[in-house]
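Inspection log for the structure reproduced underneath, given as structure tokens.
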């Protein structure tokens, strides 16, 4: 398995903070719900650890969540969807997990159903990137 099998990764020319704002706006424009934003660097610094900038943005589409949960409630282990923004070596990347992975763990989810959610996530990331 390759990282590209389960993650969609793009690089942006935006600053870390600009990328965060762009992702949040893109989520709203797509009609998904924002749940939480975790500042991993900040949380680890509070415990005495040093980490490069990393924020985890949790979001959800009620439509897809309902579809998947009606197939198998254990899919909730893969929810909500996440987009991470990371900074490494001066480069900012926007990363999202591909929902098509769900169909590999839960065969009752048709890959095409998961692909629809994945298309939305890729669209959110691409709009945030530019």
Practice task
Please state which one of 52, 41 is exposed (fewer than 12 other Cβ atoms within 10 Å of the Cβ), touching a strand residue (DSSP E or B) at 6+ places or on another chain (Cβ under 9 Å) and farther than 18 Å from residue 27 by Cα.
Solution key: 52
Exercise for the section: Would you mind stating whether residue 46 is in contact with a helix residue (DSSP H, G or I) (Cβ under 9 Å, 6 or more places away or on another chain), at pLDDT 95 or above and over 18 Å from residue 98 (Cα atoms)? Expected result: no
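Quick grid of which residues meet (1) surrounded by fewer than 21 Cβ atoms within 10 Å (Cβ to Cβ); (2) closer than 29 Å to residue 21 by Cβ; (3) in contact with a helix residue (DSSP H, G or I) (Cβ under 7 Å, 6 or more places away or on another chain); (4) without any contact (Cβ under 8 Å) to a residue 60 or more places away in the chain:
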residue: 86; (1), (2), (3), (4): yes, yes, no, yes
residue: 96; (1), (2), (3), (4): no, yes, yes, no
residue: 102; (1), (2), (3), (4): no, yes, yes, yes
residue: 106; (1), (2), (3), (4): yes, no, yes, yes
Practice task
Determine, yes or no, whether residue 75 is surrounded by 13 or more Cβ atoms within 10 Å (Cβ to Cβ) and modelled with pLDDT of 95 or more.
Solution key: yes
Practice task
Test residue 15 against the criterion of being surrounded by 15 or more Cβ atoms within 10 Å (Cβ to Cβ) and either farther than 14 Å from residue 120 by Cβ or in contact (Cβ under 8 Å) with a residue 12 or more places away in the chain (or both), and give yes or no.
Solution key: no
Practice task
With the checklist (1) part of a helix (DSSP H, G or I); (2) within 13 Å of the chain's Cα centre (by Cα); (3) surrounded by 13 or more Cβ atoms within 10 Å (Cβ to Cβ) in hand, flag the one item residue 119 doesn't pass.
Solution key: (3)
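The values are calculated or read from the model by the stated rules, or taken from the named source; none is laboratory data. If you're wondering where the values come from, they're calculated on a predicted model, not measured in any experiment. Cβ sites come from the backbone with ideal geometry, for glycine too, and all protein chains shown count toward neighbours.
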